[in-house]
Amino acid sequence: MVIAKLFGKEKDDRGGSDLALAYLEDAQAKRMALTLIDPKGRELPAHVQAILDDRVSFSASGLMPVEKGDKFTVLLVIDGLRLRIKLRAFEIKNGVLQVAPPTEIELAERRKKPRARISSKEGATGTALTGLFDGIGATGTVENVSEGGFRLKVEKAMEIKGERKLHPSQNLMMPGTPLMMVKLSKLPKAPNIETDGKVAYAQMDGATLYLGISFSSEQGALKGLVASRSTAIPSTVPPKARRAAEKPREPEPPRPEPRQEPPAPAPAPPAPPSAAPSPASAMPAEAAPALGNGDAKQDRSAALSNLKKRTRAILVAMEDHPDRDWLQSFLLDQGYQRIYLAGTLTEMLEALEQPGLSLVLIDGGVAELKGMELADFLQQRLGDSKPPVLLAAETVQTVMVLAAKRAGVDQILVKPYDHDENLSSMIDGLVGL
């Protein structure tokens, strides 16, 4: 490709492009905001607009801080990781930045210890004050927490002395700002925390401000919470498979032309004009349109079903394995476009917050909780708001069925199972199609 040669790379010399593109595809599907950092260190929120074989397109909410030929980086937080992807601009047109496929992706973690994801439904709140009697205060919900700090989604900001409301912007609290009071409340299975600290980073996602806040000293009281919801920080970028491309629909075979009856012989001149009725005219008037209406109804029903599948989200709780990739490809072939893969409890908790989640398929479970334990965890955590649960099990016994019923399992799938029409019908029924 011309673009590949421009940057000294042949098309087959992909390096780490597949891994980088896999994470960018995931960010595009989830409509995640990225942070574009130009050569001078300036930051701008951006989104992935398109991913093609020879280029990736980015759009931003402001003027692009890069020019043609500039090397820059993109930061994204996904799957509980902070990643850096190195890119080079080759075209900016109508506010859209075009880059060659990335070849480098690396960890860009600032944390030294694992952090636990906190669901907004749990109601944990955080407060940060630059002073007790004057200065600036910010409060909101806690998104994640570690022994060394937390991430705050700012919902309110004010000037403490005059109690004047402030607009949460990226300049509200600059990185490095000391905080006289940092308070965490309503953390699950952890006491309230009051300490001091500083602002580690400030990030805008649309109109929402996020603050990274570090404690002045590690909070051992949070160790149990973090350990129960997180895994060790990886030393390399975890593998991720690229999303399977939609298979083009095969053209339907041409329908045979309707057989035409030979014309009836012309009547003799003395006889009144008449013609032998053709099979089509012999059919009752109501019958012919009835067949056409039936085909139309079936087409509309199939189109409506395909449209509904695109809005249904399926969460697959299964550790990273080729079987999981095959199952994902099968679901994509069936028309489901929103598929979330979870191999850890942290990934699963993040996926449970996605809108329109219609099914949880547990095959083996996640690293921390297996099979029935994971189903019971979902039942206790979500209660009546839990989506249908499909549990894959190698054996089905009376005791196991009763336990599954208590754990809120809607249906059991016997292993090994085939990726066939039976599985497709089972999933369609559970998601309400």
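See the values below:
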read-out: FRET efficiency, residue 133 to residue 42 (Cβ-Cβ, R0 35 Å, nearest 0.05); value: 0.50
read-out: Sorted peptide list for 384-397, 307-320, criterion being average Cβ within 10 angstrom, highest first; value: 307-320, 384-397
read-out: Using θ = phi - 60° and Karplus 6.51 cos²θ - 1.76 cosθ + 1.60, couplings along the stretch 148-159 (whole Hz; Gly, Pro as x); value: x, x, 7, 10, 10, 8, 6, 10, 9, 9, 7, 7
read-out: 26 Å Cα-Cα threshold exceeded, pairs from 86/308; 309/386; 165/189; 71/93; 30/189; 153/189; value: 86/308; 165/189; 30/189
read-out: Per-residue ³J(HN,Hα) for the stretch 373-388, Karplus 6.51 cos²θ - 1.76 cosθ + 1.60, θ = phi - 60°, Hz, x for Gly and Pro; value: 4, 5, 4, 5, 4, 5, 4, 6, 7, 9, x, 5, 7, 5, x, x
read-out: Local net charge near residue 241, Cβ-Cβ under 11 Å (Lys/Arg +1, Asp/Glu -1); value: -1
read-out: Label point distance in nm, residue 232-residue 163, each placed 7 Å from Cα along Cα→Cβ; value: 5.2
read-out: Cα centroid of the stretch 314-342 to Cα centroid of the stretch 95-169, whole Å; value: 32
read-out: Fully extended contour minus Cα-Cα distance, from residue 59 to residue 402, at 0.36 nm per residue; value: 118.3 nm
read-out: 5 angstrom amide H check on residue 366, placed H, neighbours 5+ away; value: 371
read-out: Rg/Rh (Cα only; Kirkwood hydrodynamic radius) as it applies to the stretch 353-433; value: 0.95
read-out: Separation of the residue 418 and residue 333 label points, Cα + 7 Å toward Cβ, nm; value: 1.2
read-out: Computed lengthening from residue 71 to residue 425, 0.36 nm per intervening residue step minus Cα-Cα distance; value: 122.5 nm
read-out: 5 angstrom amide H check on residue 136, placed H, neighbours 5+ away; value: 130, 131, 160
read-out: For the stretch 89-205: span of alpha carbons on each principal axis (Å, largest first); value: 51, 35, 27
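Coordinate-derived values only; no laboratory data. A quick note: this is a predicted structure, and the numbers were derived from the prediction, not measured. Backbone-built Cβ (ideal geometry, glycine too); neighbour counts: all protein chains shown.
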